[in-house]
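Would you mind keeping the following structure in view while I ask a few things?
The values are calculated or read from the model by the stated rules, or taken from the named source; none is laboratory data. All values derive from a computational prediction rather than experimental measurement. Please note: Cβ atoms are built from the backbone with ideal geometry, for glycine as well, and neighbour counts cover all protein chains shown. In case anyone asks, the SASA skips ligands and DNA or RNA and just uses the protein heavy atoms, side chains included. Shrake-Rupley method; radii C 1.70, N 1.55, O 1.52, S 1.80 Å.
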Amino acid sequence: MTECLIAMALAGSGAYLLWRALLPLTRERFSARWQYGFLKTGLAFFLLPVGLLGASLGLALPAAASGVPDPSDIPPGLTAPAPPSHVDPVDTRSAEAAAALPPQKSGRAASPNWRDAVLPALTALWFLGAAVLGGREIFRRARFRRAFLPLCLPVEDGESLQAAALCRRQTGLRRLPRLAVSPLPCSPFVTGLVHPVIVLPGGEIGEEKLRCILLHEMLHIRRRDLWVRALALWVRTLYWFNPLVWRLSRQTAAWSELVCDEAVTAPLDR
């Protein structure tokens with residue numbers, strides 16, 4: 001398992017570093033949607049054993065090219081032909097003389113394998129860090145849903161609901177997400193993986209501004225950005241020791257916002 005995590009960490013880190021190296025060249029030439037897709041691919045490399053598959057393929061190709069038959073390919077009842085061996089009589093006599101000598105006693109005991117001593121400690125440290133970070137995130141989200149969301153009031157304004165229904169048809173959502181108004185000053189946001197809720201700030205919001213806000217948040221739902229952020233949180237929990245994972249998580253969230261902004265502002269004039 002440790003080797004698998006290390007291979008996936010190297011593959012994901014390499015994908016993120018490649019994106020960072022190409023960003024100065026691709027920022028103006030490619031859209032935010034393209035950048036966001038590349039970052040999601042980097043997240044997938046942290047979760048899929050792509051590195052191990054590549055290494056296995058690289059080891060299998062030289063073995064196939066060497067011409068050595070695979071024992072599993074030999075029919076039952078047959079044995080693989082042994083390669084011809086040429087034994088030198090001088091080498092035979094030397095081996096017999098070496099076998100006749102008394103065994104020499106070593107002055108010190110064999111040193112233990114460092115992997116057997118260090119690997120369990122590192123595994124325990126990784127598991128402890130992942131458990132602490134994962135438990136903290138679960139507690140924070142449970143407290144948010146228990147303490148903040150019940151204070152939000154449902155939207156009952158007919159104009160707001162009509163604008164939300166129009167945005168739902170425009171984004172292609174199957175059903176209208178629940179709308180709520182925050183009792184505290186905040187920016188608009190959407191929360192909830194299975195039953196999303198769009199939380200709007202209190203106060204008067206203009207019709208055009210409300211339409212842009214609803215389009216933005218519904219695009220998050222339509223593009224499943226909340227699930228991508230959940231995967232980013234899972235990757236951050238597993239690879240908490242890798243600083244590149246924390247940067248990748250922040251960049252993924254930032255570019256998901258830019259993708260929705262890009263889609264909302266595309267049909268607008270200057």
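In the range 135-154, is there at least one residue being touching a helix residue (DSSP H, G or I) at 6+ places or on another chain (Cβ under 8 Å) and modelled with pLDDT under 90?
Within the range 135-154, not a single residue is touching a helix residue (DSSP H, G or I) at 6+ places or on another chain (Cβ under 8 Å) and modelled with pLDDT under 90.
Can you confirm whether Gly202 is loosely packed, with under 12 Cβ neighbours inside 10 Å and either closer than 15 Å to Val264 by Cβ or small (Gly, Ala, Ser) (or both)?
Here the answer is no, as Gly202 does not meet what is asked.
The rows are residues; the columns are (1) of a type outside the set (D, E, K, R); (2) modelled with pLDDT of 95 or more; (3) more than 21 Å from Gln35 (Cα to Cα).
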{"site": "Pro201", "(1), (2), (3)": "yes, no, yes"}
{"site": "Ile205", "(1), (2), (3)": "yes, no, yes"}
{"site": "Glu208", "(1), (2), (3)": "no, no, yes"}
{"site": "His220", "(1), (2), (3)": "yes, yes, no"}
{"site": "Asn242", "(1), (2), (3)": "yes, no, yes"}
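In the range 194-201, is there at least one residue being free of Cβ contacts under 8 Å to residues at least 12 places away in the same chain and closer than 25 Å to Leu48 by Cβ?
Yes, some residue in the range 194-201 is free of Cβ contacts under 8 Å to residues at least 12 places away in the same chain and closer than 25 Å to Leu48 by Cβ.
Looking at Ser160, is it part of a loop (DSSP other than H, G, I, E, B) and polar (S, T, N, Q)?
no
While we're looking at this one, here's another question. Looking only at residues in the range 154-197 that are open to solvent by less than 90 Å² (accessible area, probe 1.4 Å) and of a type in the set (S, T, N, Q), which one is farthest from Ala263 (Cα to Cα)?
Among residues in the range 154-197 that are open to solvent by less than 90 Å² (accessible area, probe 1.4 Å) and of a type in the set (S, T, N, Q), the one farthest from Ala263 (Cα to Cα) is Ser182.
Let me ask you something else. Does the range 227-247 contain at least one residue that is farther than 24 Å from Leu5 by Cα and either assigned to a helix (DSSP H, G or I) or out of contact with any Pro (no Cβ under 8 Å at 6 or more places or on another chain) (or both)?
Within the range 227-247, not a single residue is farther than 24 Å from Leu5 by Cα and either assigned to a helix (DSSP H, G or I) or out of contact with any Pro (no Cβ under 8 Å at 6 or more places or on another chain) (or both).
Sticking with this one: Considering the range 14-29 alone, what residues qualify as being more than 16 Å from the chain's Cα centre (by Cα) and open to solvent by 90 Å² or more (accessible area, probe 1.4 Å)?
If the condition is that a residue be more than 16 Å from the chain's Cα centre (by Cα) and open to solvent by 90 Å² or more (accessible area, probe 1.4 Å), then Arg20, Pro24, Leu25, Arg27, Glu28, Arg29 are the ones that fit.
Does the range 205-229 hold any residues that are within 23 Å of the chain's Cα centre (by Cα) and open to solvent by 50 Å² or more (accessible area, probe 1.4 Å), and which are they?
If the condition is that a residue be within 23 Å of the chain's Cα centre (by Cα) and open to solvent by 50 Å² or more (accessible area, probe 1.4 Å), then Arg222, Arg223, Arg224, Trp227, Arg229 are the ones that fit.
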